[in-house]
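Heads up: the structure comes next, in structure tokens.
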Amino acid sequence: MKRGWRKALLTGLSVLMMGSFIAGCGSSTNGAEDKDTLRVGVTNFASTLEPTENFFAWVVMRYGVGETLAKFDEHMKPQPWIASKWTVADDKKTWTFTIDDRVTFSNGKKVDAQAVKESIERAFAKSNRAKTFFEYESIEANGQDLIIRTAKEYPNMPGLLADPLFLIVDVQAERDGRNFAKEGPIGTGPYVVKAFTKERADMVANENYWNGTVPFKTVEIPSIDDPNTRAMALQSGDVDMAVNIGPGEIGLFQNNDKFMVDEIASLRVVLARINQRGVLGDDKVRAAVISATDRKNYADILLKGTFMPGSAPIPPSMDYGFNELVDPNAYNVERAKQLLSEAGWSDTNGDGIVDKDGQPLTFTFVVYNSRAELPLYAEAVQADLKKVGIDMKIKTVDYNLIDKMGQEGDYDMLISNIVTANTGDPIWFLANYWHTNVDGSNPQNGSGYSNPQVDALLDAAEVEFDSAKRRDYAIQVQQLLMNDGAALFLGYPKTNIITHSYVKGAVMYPSDYYWITNVITK
């Protein structure tokens, strides 16, 4: 009864939300006939469009406003974008990026190396994350050539600069009074911000776009966090296109000639960072927590095959040794119970929760709900841990708090959905989350994880130009992280863009950066 009541309630709420959404859209114009407007249903985590705040640059790029020097292809190889080419000198520390002579900002101003220099320097001045990508000794502008001299060798420099944090903006426009957070930055993409709130964005065509025609006069982007409501909006024609339809709804669109589904194995991992201090600072307790979680069941049953079971930091979609790694904490309920016993935890009062020194084994799992799978994972982990006598509480917070909590370690366990190779190479991801956090140099490692062997391998990998050696370093690091119980790697999502069949050119890339582009047409 309880489960049926909950399902009925959720269905009722979805219908109410759908009604509100339709009312908010106002128009019931047939999407196929309206050639001037593209309507895209998304789930949006950004409260502003300031690209240096949190990870909001992703939204600026996804909405077609910002572009970077390089762009990732379908194999995560950096290709020319704002920069037409690049070279590295024999010292392996001096990079020259030639800015494409055709590029202009949306206000019509030509983009030269000086403008790019100011934009990159702005990112470093405003974001503590910038220095986790690379540190430079100097940036010089000479006409269309941008010369970056780095403090050490960075083999993947074009990939680092392809991160949305480094999208190129007109810094002078900000000096002249434009509020990037509220009005959106002046970028080089095919669309310009007309209006923005967290709940909705409206874009208009960039009349000065440098790289081909812009097919739509306007792009309407409602944020529809509830996955069922987002699917209903796509079904009913209230949006032409939707991003990341959830596992419970994607079956509605597959094998349906009214829709086009572009689904790929992503570069993402859903993981729970584990605070190495407090009750989870005990190696055996962490191992017990991980061993108690049935990750295959989560992927196959709970998430209906739209995820792959988790075990390692880097997904199997990348060639970084997934099948060579050994999961020391594979699902094993009896082993989890034994580990807790060895750590001194037992149920002395018969309440079903193990205790030690008069205190029950309890901790909090922090989750945000703008991604539909995260609360599902949290509830499933909660149920599995209860079977071994662990009382896990779930705390739901707004996405905007997640980044801060991840940096400050203000959690026991903290779930995140992370792109592991957003620079085209997973070494940065591994270093940013698990290299010892010295003086804030690794802002995402708030968990307190530290292993000198991991640090040494990551330091070597970060300056290694030989791809085979970098791969070997990554495999070694992953195995050490798994052995240490550094995190609970829950699963690897597939990702999708689904459109009505009259929409052409929408493609989901592994990087998950390029949603709205000028090649999408009706």
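Ordered by the count of other Cβ atoms within 10 Å of each Cβ, fewest first, His500, His435, His75 give His75, His500, His435. Of the trypsin sites (Lys or Arg not before Pro) found in region 102-169, the ones in coil according to DSSP and having at most 16 other Cβ atoms within 10 Å of their Cβ are Arg102, Lys109, Lys152. Each of Leu49, Leu490, Leu252, Leu302 has some number of other Cβ atoms within 10 Å of its Cβ, and from fewest to most they run Leu252, Leu302, Leu49, Leu490. A cut-off of 5 Å between modelled amide H atoms, ignoring neighbours fewer than 5 places along the same chain, links Thr364 with Lys393, Asp412, Met413.
With Rh defined as the Kirkwood radius, the inverse of the mean 1/r over Cα pairs, the Rg/Rh of region 403-469 is 0.99. With equal scatterers on the alpha carbons only and no solvent term, can you work out the Debye log10 of I(q)/I(0) for region 214-346 at 0.17, 0.18, 0.19 1/Å? So the normalised log intensities are -1.01, -1.07, -1.13. Pairs of Cα atoms nearer than 8 Å and 6+ residues apart set the relative contact order; for the chain it is 20 percent. Amide hydrogen proximity for Gly491: with H placed 1.01 Å from N in the peptide plane, the residues at 5 or more positions away or on another chain lying under 5 Å are Val270, Gly310.
When the C-alpha to C-alpha distance is required to be over 19 Å, the pairs from Lys71/Lys504; Lys126/Lys404; Lys284/Lys337; Lys284/Lys356 that qualify are Lys71/Lys504.
A simple rule links phi to the HN-Hα coupling: the Karplus curve 6.51 cos²θ - 1.76 cosθ + 1.60 with θ = phi - 60°, which for region 373-380 gives 6, 5, x, 4, 4, 4, 5, 5 Hz, with x for Gly and Pro. Couplings 3J(HN,Hα) for region 235-244, derived from phi with the Karplus relation 6.51 cos²θ - 1.76 cosθ + 1.60 (θ = phi - 60°), are 4, 7, x, 6, 10, 7, 7, 9, 10, 6 Hz, where x marks Gly and Pro. Converting phi to 3J(HN,Hα) with the Karplus coefficients 6.51, -1.76 and 1.60 and the offset θ = phi - 60°, region 288-299 yields 5, 4, 5, 5, 7, 9, 8, 5, 5, 5, 4, 6 Hz in sequence order, with x at every glycine or proline. Length, then width, then depth: along the principal axes, the Cα atoms of region 418-522 run 55, 30, 26 Å. The residue list Ile290, Gly424, Tyr449 was ranked by how far each Cα lies along the charge dipole of the chain toward its positive end, using unit charges on Cβ atoms, and Ile290 comes out on top. Using 0.36 nm per residue and subtracting the Cα-Cα separation, the extra length available between Asp101 and Ala330 on full extension is 77.0 nm. Computed over the alpha-carbon pairs of the chain, the distance histogram in 20 Å steps reads 22, 54, 23, 2 percent, short to long. Note on Ser501 and Ala460: the model spin-label points, each 7 Å out from Cα along the C-beta direction, lie 5.6 nm apart. The amide H of Ser266, built 1.01 Å from its N in the peptide plane, has Lys494, Thr495 as neighbours under 5 Å, considering only residues 5 or more places off or on other chains.
With each label modelled as a point 7 angstrom along the Cα→C-beta vector, the Lys110-Ser441 pair spans 4.1 nm. Ordering Phe259, Thr364, Phe166 by the projection of their Cα atoms onto the charge dipole of the chain, which places +1 on the Cβ of Lys and Arg and -1 on the Cβ of Asp and Glu, puts Phe259 at the extreme positive end.
FYI, it's all coordinate maths here, none of it is from the lab. In this text the structure is predicted, and so the values were computed from the model without any measurement. When we count neighbours, we look across all protein chains shown, and the Cβ atoms used for this are built from the backbone with ideal geometry, even at glycine.
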